[in-house]
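As structure tokens, the structure follows; a few thoughts come after it.
The values are calculated or read from the model by the stated rules, or taken from the named source; none is laboratory data. Please read these numbers as outputs of a predicted model, since none were measured by experiment. We place every Cβ from the backbone using ideal geometry, glycine too, and count neighbours over all the protein chains shown.
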Amino acid sequence: MEQFEVVGGTRLAGEATVAGAKNSVLKVMAASLLATGTTRLTNVPDIGDVPIMGEVLGGLGATVDGDAPDIAITVPDEIGYEADYHHVSRIRGSVCVLGPLLARAGRARVAMPGGDAIGSRTLDLHIMGLERLGAVFDTANTHGYLVAEAAQLAGAQIWLDFPSVGATENILMAAVLAKGNTSIDNAAREPEIVDLCEMLIAMGAQIGGVGTSTLEIEGVDSLQPASHRVVADRIVAGTWAFAAGMTQGEIRVRGATHEHLEIALDKLVQAGAVVTTYDDGFAVSCDARPRAVDIVTLPYPGFPTDLQPMAIAMNSVADGVAFVTENIFEGRFMFIDELARLGADVRTDGHHAIVRGRERLSGAPVRATDIRAGAALVLAGVVADGVTTIADAFHVDRGYQSFVETLQALGANIRRVEDSTLL
């Protein structure tokens, strides 16, 4: 087990390049199961979750060749239907094979997913939507698996009580091969959903309303493999944006789509940063201590829950008091106890947090509880006095390509070391 060791007190400046989105690549990899033949993906991020997803697909009969940024997924005429516990339990995104398996194999046995500890993320909406399409779930003696069959999926009118990204994706991937028309109302609108739709359309799917809250799908008999470039990771891009704000630095982010981060970048402007947009990304500069800014997380196009830890970390060294409201995952505040070890003054009440900014934080040993919390703690370590160690570095590696190398290039004093507490 590795940990990050950060010597604080540095200003971050330079360039950071963003690869494909973790929250998209796993889903488009799953979508490749919908067509026999070889699908090619480019701009694939070099992160820990991609090879795990490759193992999931391999267990279903597919072959994954190549390495990031280019991989090829070859799918046979007949695929398996069981995604085993060993692989699926490691990443929550792997549950997105459920829809493709029901569409292609007519049945599925998928282990309950694992992933980050950021609160309960039930699969009720996934199951409800797939049942509307004709899937029948076995709820007796399934021993930690989702077990379902569907002799023939048929189009349906589906309303989601909440615009769940995962549910939208699973229902969408099942509906493209269902007989007849499907309408998904209150669908998620995230750029990663648009990315998945664009790949499915390239494979021959008939999808209308892309980018809106209502998706209209006309089922087709079969799909063909395609080539697809994975959309840029807006959360990684947003991480570097907040890194510039909280370290009073200047970072040019390349390979990103600034339109996907409009609210987050506007919050940085409110904090006193200067944001400049370009065709291939944006730049954030901040020449003084940031001002405290209130944050409310909401489904896209609202402020992303995945950037909430970075916002709290910035507010912990900002001038003033900020109120942060988490509306997506109740467990997102778990990392606040770790941030407090660095001297942050944060108080929580339910899904609200009050952050009183301090001029300085102090280095201390902390532990990453999830991908985004780990990244936020590293950034807090960059602005803290002394040395900060962040244990469980593997969390961050699941979502950030070349994390340490990028920070080093930006001027951070950071390195990987073995976790001595485990020796």
Residues within region 346-355 that are free of Cβ contacts under 8 Å to residues at least 40 places away in the same chain and closer than 10 Å to Ile312 by Cα, tallied
2
Which of (1) surrounded by fewer than 20 Cβ atoms within 10 Å (Cβ to Cβ); (2) polar (S, T, N, Q); (3) modelled with pLDDT under 95 does Thr369 not meet, given it meets every other one?
(1)
Mind telling me which of the residues Gly363, Gly381, Gly374 ends up being touching a Pro at 6+ places or on another chain (Cβ under 9 Å), modelled with pLDDT of 95 or more, buried (at least 20 other Cβ atoms within 10 Å of the Cβ) and not hydrophobic (A, V, I, L, M, F, W, C)?
Gly374
Report yes if some residue within region 398-409 is modelled with pLDDT under 95 and surrounded by fewer than 23 Cβ atoms within 10 Å (Cβ to Cβ); otherwise report no.
yes
The strands (runs of 3 or more DSSP E) lying entirely within region 357-423 that contain at least 3 residues which are in contact (Cβ under 8 Å) with a residue 40 or more places away in the chain are 387-391, 413-418
Residues of region 1-26 classified as touching a Lys or Arg at 6+ places or on another chain (Cβ under 6 Å) and at pLDDT 95 or above, total:
3
Residue that is in contact (Cβ under 8 Å) with a residue 40 or more places away in the chain, under 17 Å from the mean Cα position of the chain (by Cα) and not assigned by TED's automatic domain parsing to the domain that holds Asp77, where the choices are Ala271, Ala241, Ala188:
Ala241
Residues that are surrounded by fewer than 20 Cβ atoms within 10 Å (Cβ to Cβ), among the charged types (D, E, K, R) and outside any loop (DSSP other than H, G, I, E, B): does region 307-327 have at least one?
yes
Filter region 226-257 down to residues that are under 25 Å from Phe323 (Cα atoms) and touching a strand residue (DSSP E or B) at 6+ places or on another chain (Cβ under 7 Å) and give me whichever is surrounded by the fewest Cβ atoms within 10 Å (Cβ to Cβ).
Gly249
I want to confirm something. Restricting to region 269-292 and keeping residues that are touching a helix residue (DSSP H, G or I) at 6+ places or on another chain (Cβ under 6 Å) and more than 18 Å from Gly14 (Cα to Cα), which single residue is surrounded by the fewest Cβ atoms within 10 Å (Cβ to Cβ)?
Ala292
